[in-house]
Amino acid sequence: MENLNSPKQVLVCQHHTCRKDGAARVLETFQAHPVVDVTVSGCGCLGLCGSGPIVLVTPDNTYYWHIRPKNVPTLIDQHLRHGQVVTDLLHARLHPDPNEFL
């Protein structure tokens, strides 16, 4: 269920390349584990083809790449519930210095 007024949003790219790489299952996994005050939805291309599936957390502007369903529980627990960025899943080109989040 979506809460369009939630302070945090998780966007999972559902464009061609990300879908080919398993983005639909990533989105399903997030949706199967709802977090209070977090909206999860699929979105169009985030412009990072070849790095997917891409997950964007807003308003943090945090991009995660090559996300698999097995990564979702970690993202939920650490980032969405406890506010700790998961540095080993950060998109390296967009977040070249993971220390920016420490």
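The values are calculated or read from the model by the stated rules, or taken from the named source; none is laboratory data. Model, not experiment: these values are computed from the prediction. Heads up, the Cβs are rebuilt from the backbone with ideal geometry, glycines too, and the neighbour counts pull from every protein chain shown. Surface accessibility is based on the protein's heavy atoms, side chains included, excluding ligands, DNA and RNA. Shrake-Rupley method; radii C 1.70, N 1.55, O 1.52, S 1.80 Å.
In table form, for the structure just shown:
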| quantity | calculated |
| --- | --- |
| Number of the condition not met by VAL26 [criteria: (1) open to solvent by 80 Å² or more (accessible area, probe 1.4 Å); (2) in a helix (DSSP H, G or I); (3) at pLDDT 95 or above] | (1) |
| Number of positions in segment 5-23 that are under 21 Å from GLY83 (Cβ atoms) and either open to solvent by 20 Å² or more (accessible area, probe 1.4 Å) or part of a helix (DSSP H, G or I) (or both) | 5 |
| Considering residues of segment 29-53 that are in a loop (DSSP other than H, G, I, E, B) and in contact (Cβ under 8 Å) with a residue 40 or more places away in the chain only, the residue nearest to GLN78 (Cα to Cα) | VAL35 |
| Residue within segment 57-65 that is surrounded by 13 or more Cβ atoms within 10 Å (Cβ to Cβ), among the charged types (D, E, K, R) and modelled with pLDDT of 95 or more present | no |
| Any hit, segment 68-85, residues being small (Gly, Ala, Ser) and buried (at least 19 other Cβ atoms within 10 Å of the Cβ) | no |
| Subset of segment 29-54 that is surrounded by 16 or more Cβ atoms within 10 Å (Cβ to Cβ) and of a type in the set (Gly, Ala, Ser) - its residue that is farthest from ARG68 (Cα to Cα) | GLY42 |
